[in-house]
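The block underneath contains the structure these notes are about, expressed in structure tokens.
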Amino acid sequence: MRRGLAHCVVFIAVCVLAGKTHVRAQSAPCPPHLASASQVKQRSGPAISIIDVTFSDALQLPLVDQERIAAWIKQRTRGESLEQVTDDAVERVKAGWQNHGYFKVQVGGEERTLTDGPAGQRIALSFRVEEGLQYSLGEITFRNNKAIDDTSTLGEFFPISDGDIFSREKIAEGLENLKKAYGEMGYINFTAVPDTKFDDEKKMIALDIDLDEGKQFYVSSVDVLGLDEPARQELLKELPIKRGQIYSSRVWELLLLKYRDMLPECGCQQELSLDEHAGTVAVAIDFRPCSTD
């Protein structure tokens, strides 16, 4: 099945944690070991194995990097149908080239079935890649930053420097680092919106990142459920989260990791109840068994 060229999508916004508005409650992220059996089953799907990956067109990307992208596709691409697998692989090809500066890359994908039987399908994927220009990073600037007013400090969250080959992955990592830093300071509704500016003549990309820090949240209450009263009181004394403190997403995540062996399989349902108007978070860690309903 032949697919037309898929245009790259420039990422426009990264929403950190709960989003900007109308957040009533937030569940803690579910650690991998707490994934339910139904989630694992849902991810498995039918067996489609990618045996071969090839790229064509006049490519500038070194062969060794192409081979790494091909290996990544074979190892990580999943789907419940040939179309889904191919579409997923196309996005990975785009991401691979964008991580080497080819940000406007266009990719077309085609799959070929090698074998098809009860054990599953074995397929080969071929991609037509139009690389376009290879860009370097011009600069990263920030707007509306108040909690961290030093823009050089904000820039240090990005593992890329001015003049480096532009990397989608490194920019995403920097935005994630920003999210974590603001989350540790209680800015649960923080968002970062990058405006991407291209200079094709100089082959440079500049990012102007608009920061919406939102409100700083404090802990209004801390509760423990599912333990007898002596154990509950003892744990409340030990918990690093206390009423009146600035809420830290990092402390909360470490707390769940510390007690992960005691949490039920549905432990990812630990709830943070937000009061947007007051700027507070009610924290509860629940050791009760999962509901059988």
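The values are calculated or read from the model by the stated rules, or taken from the named source; none is laboratory data. Note that the coordinates shown come from a computational prediction; the quantities given were computed from them, not determined experimentally. Cβ sites come from the backbone with ideal geometry, for glycine too, and all protein chains shown count toward neighbours. What goes into the accessible areas is simple: the full protein's heavy atoms, side chains included, and nothing from ligands, DNA or RNA. Shrake-Rupley method; radii C 1.70, N 1.55, O 1.52, S 1.80 Å.
Quick notes on this one:
- Taking all protein chains as shown and a probe of 1.4 angstrom, residue 229 keeps an accessible surface of around 100 Å².
- Burial ranking of peptide ranges 133-141, 251-259, 149-157 (average Cβ count within 10 Å, highest at the top): 133-141, 251-259, 149-157
- Prolate/oblate/rounded call for region 161-223, Cα gyration tensor, a/c under 1.5 rounded: prolate
- Residue pairs exceeding 23 angstrom between C-alpha atoms, taken from 104/170; 104/180; 170/242: 104/180; 170/242.
- Applied to region 94-103, the Karplus parametrisation 6.51 cos²θ - 1.76 cosθ + 1.60 on θ = phi - 60° returns per-residue 3J(HN,Hα) values of 4, 4, x, 5, 5, 6, 10, x, 8, 6 Hz, with x for Gly and Pro.
- The label point for residue 233 and the one for residue 80, both projected 7 Å from the Cα toward the Cβ, are 5.1 nm apart.
- Per-residue SASA entry for residue 56, accessible area with 1.4 Å probe, Å² rounded to 10: 60
- Amide H partners (placed H, <5 Å) of residue 280, local residues excluded: 218, 275
- Efficiency of FRET from Cβ geometry, residue 206 and residue 54, R₀ 35 Å, rounded to 0.05: 0.50
- Pairwise FRET efficiency - residue 47 versus residue 130, Cβ, R0 = 30 Å, nearest 0.05: 0.40
- Solvent exposure, largest accessible area first (probe 1.4 Å, DNA, RNA and ligands not counted), of 196, 54: 54, 196
- Estimated FRET transfer efficiency (residue 146, residue 259; beta-carbon r; R0 41 Å; 0.05): 0.75
- Taking the centroid of alpha carbons for each part, region 64-78 and region 88-130 are 9 Å apart.
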